[in-house]
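Student: Sending over a structure as structure tokens; questions will come in a sec.
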Amino acid sequence: MAGIVNYIKESFGELKNNVTWTPWPEVQRLTILVAVFSIIFSLAIWGVDTVFSKVIAEYFKLIS
């Protein structure tokens, strides 16, 4: 059990002292960029899905 506690303490020390963190303004900018591209990509997928659904529905109407 002491080994696990020591590991956790060392991990937090490593994160606090040895990791180079991205500056907060850059994190905010990149988060907004990812959110915008995620919305655009999801809208594109929704559009393609809608078009394919209509094409397939028309195809099945045509063959029946």
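Student: In whole Å, largest first, what are the principal axis extents of the Cα atoms in the chain?
Tutor: Cα spread of the chain along its principal axes, largest to smallest: 71, 36, 10 Å.
Student: To the nearest 10 degrees, how steeply does helix 24-63 sit against the main Cα axis of the chain, on a 0 to 90 scale?
Tutor: 30
Student: Taking only Cα atoms, what is the 0 to 90° angle, nearest 10, from helix 2-17's long axis to the longest principal axis of the chain?
Tutor: Relative to the chain, helix 2-17 is tipped by roughly 80 degrees.
Student: Restricting to DSSP H runs of at least four residues, report the calculated mean residue ellipticity at 222 nm for the chain, -39500 (n - 2.57) per run over all residues, nearest 500 deg cm²/dmol.
Tutor: Result for the chain, helices only: -31500 deg cm²/dmol.
Student: Here's another thing I want to ask about it. Just the number, please: carbon plus sulfur as a percent of the accessible area of the chain, 1.4 Å probe, no ligands or DNA/RNA counted. Working shown, then result.
Tutor: Numbers: 4510 of 6180 Å².
On the chain, the fraction of accessible area on carbon and sulfur atoms equals 73 percent.
The values are calculated or read from the model by the stated rules, or taken from the named source; none is laboratory data. As the structure is a computational prediction, the values presented were derived from the model and not from experiment. Side chains are part of the model used for accessible areas, which takes the heavy atoms of the whole protein and leaves out ligands, DNA and RNA. Shrake-Rupley method; radii C 1.70, N 1.55, O 1.52, S 1.80 Å.
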